[in-house]
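Let me begin by presenting the structure, written as structure tokens, before commenting on it.
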Amino acid sequence: MFKINDNYLKLPGSYLFSTIGKKVAAYTEAHPEKSIIRLGIGDVTQPLAPAIIDTLHSAVDEMANAETFHGYAPDLGYEFLRSAMAKHDYQARGCDISADEVFISDGAKCDSGNIQEIFSVDNKIAVCDPVYPVYVDTNVMAGRTGTYDAEKETWSDVIYMPCTAATNFAPELPKETPDIIYLCFPNNPTGSTITKSQLQEWVDYANKVGAVIIYDAAYEAYISEEDVPHSIYECEGARTCAIELRSFSKNAGFTGVRLGATIIPKDLKCEEVTLHSLWARRHGTKYNGAPYIVQKAGEAVYSEAGKAQLKEQIAYYMKNAKVIYEGLKNAGYTVSGGVNAPYIWLKTPEGMTSWDFFDYLLENANVVGTPGSGFGPSGEGYFRLTAFGSYKNTVAAIERITAL
Ligand code: PLP
């Protein structure tokens, strides 16, 4: 008889957004007349920018001719996109990253979930609390997290780094030494960031203890303040301790198109073995490359027209962020985030848990957000709203919430 990977059975409940989806579906079925505004899941709503659409069209046309048709893409990505990323995302910011250290993929969710495969199951992970759930869940599936304490909602073999109001929602260096540290800035869910000197402390710490940092920079494009690093490679010494994840979802609206990248510097080694060689082997074996047309669209993100159009798109979402932040603040809520990130993190009213507040908003304002506790125990008592809705819906949602 076959056996299953019973680590999957250890996963508590369903994926956060499935639970939210079910609750909203039940409410909509019972109240079909209500118009629901969704500021929950971090999905974008604006159409792809014209420069990207034009490139997609011409790439599709190329596929219609034998001379310009493209079959399997190179496993690690087309040179044109790897070079564009190395040049614009890294070298332009003074980061020493070359095109052959960029691995193109179909998104940061897959990469952040898959990257743990190249590490021993004995490694101990450290995560921020609250945290993007994929980091922990994929380590659970791999059998790296020990046993689950349902009451505390924590895993015995995971180091949790609480990110609370006391530290401006930034993690502190853990007391117990981890092997793999997941960091994400600008942060999902709290919308917080850390300064370059704070990130430098993490890089120095990782190099000192021999840990690797998996740095998720999916929201990098939303940074508006000067002293906030766009890449971990802005820090000295990051080439020997950090992997960076990039996504085209939030900077260019590719959530449904699918494109991302993982950066692994060749100096990042475990004894003599480079993580670069392991990830290249993994990609070569398990992945057949992101589609040509999508990678061409990715290249258009770095064109002059693409850059200008995407700057406007981000400004559009950040205008929503301001509406949410200021609207809630003026109504007496305690709010943070929303300045360098499309997420606003608010404290739930006295006496209400995150899920209480979720139900309260759904039923009384017909607005959907995300309960903070779904991201980890330190998220309890908080709630996340996203700036990814339309401006009209965002304004309406805040009017409804503040009228309660
Ligand atoms: N990383 C973080 C922190 C995210 O919040 C998300 C999506 O919400 C992703 C990665 C997923 O990115 P992608 O769409 O590229 O898979």
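All other residues whose Cβ lies under 11 angstrom from that of Gly146 are scored, Lys and Arg at +1 and Asp and Glu at -1, for a net of +1. In straight-distance terms, cross-link reach from Lys23 covers every one of the aspartates and glutamates whose alpha-carbon lies under 14 Å from its own, apart from those fewer than eight places away in the same chain; here that gives Asp356, Asp359, Glu363. Remark: the Cα gyration tensor places the stretch 14-73 in the prolate category, a/c being 1.5 or greater and a/b exceeding b/c.
Net charge in the neighbourhood of Arg281 (other residues with Cβ under 13 Å of its Cβ; Lys, Arg +1, Asp, Glu -1) is 0.
Oblate is the label for the stretch 195-253, because the ratio a/c of its alpha-carbon gyration tensor axes (a ≥ b ≥ c) is 1.5 or higher and a/b is not greater than b/c. The orientation-averaged projection of the convex hull spanning the C-alpha atoms of the stretch 1-107 amounts to 14.5 square nanometres. Eigen-decomposition of the gyration tensor built on the alpha-carbon atoms of the stretch 190-349 gives equivalent ellipsoid semi-axes of 31, 23, 13 angstrom, largest listed first.
Of all stretches in the chain that contain no trypsin sites (Lys or Arg not before Pro) in a DSSP loop with at most 16 other Cβ atoms within 10 Å, the longest one is 267-404. Apply the a/c threshold of 1.5 to the C-alpha gyration tensor of the stretch 311-375 and tell me whether it is rounded, prolate or oblate. It is prolate, given that a/c is not under 1.5 and a/b is the larger ratio. Cross-link reach is defined here as a Cα-Cα straight distance under 18 Å, omitting same-chain residues fewer than 8 places apart; for Lys286 the lysines meeting it are Lys109. Selection among Pro291, Gly327, Trp279 by position relative to the dipole of the stretch 235-341 gives Pro291 as farthest towards the positive end (Cβ unit charges, Cα centre).
Considering all C-alpha pairs of the chain, those separated by over 31 Å amount to 39%. Within a straight-line Cα-Cα reach of under 25 Å, Lys175 can be paired with the following lysines, leaving aside sequence neighbours fewer than 8 residues apart in one chain: Lys124, Lys152, Lys196, Lys208, Lys269. Based on DSSP H segments of at least four residues, each scored -39500 (n - 2.57), the chain has a per-residue ellipticity at 222 nm of -11000 deg cm²/dmol.
Comparing Gly351, Gly143, Gly376, which has the greatest mean-square fluctuation in the GNM of the chain with Cα pairs linked when under 10 Å apart? Most flexible of the set in this elastic network: Gly351.
Each reported figure results from applying straightforward, stated rules to the coordinates on display, with no laboratory input. These figures come from a predicted structure and were not determined experimentally. As a convention, Cβ positions derive from the backbone with ideal geometry for all residues, glycine included, and neighbour counts pool all protein chains shown.
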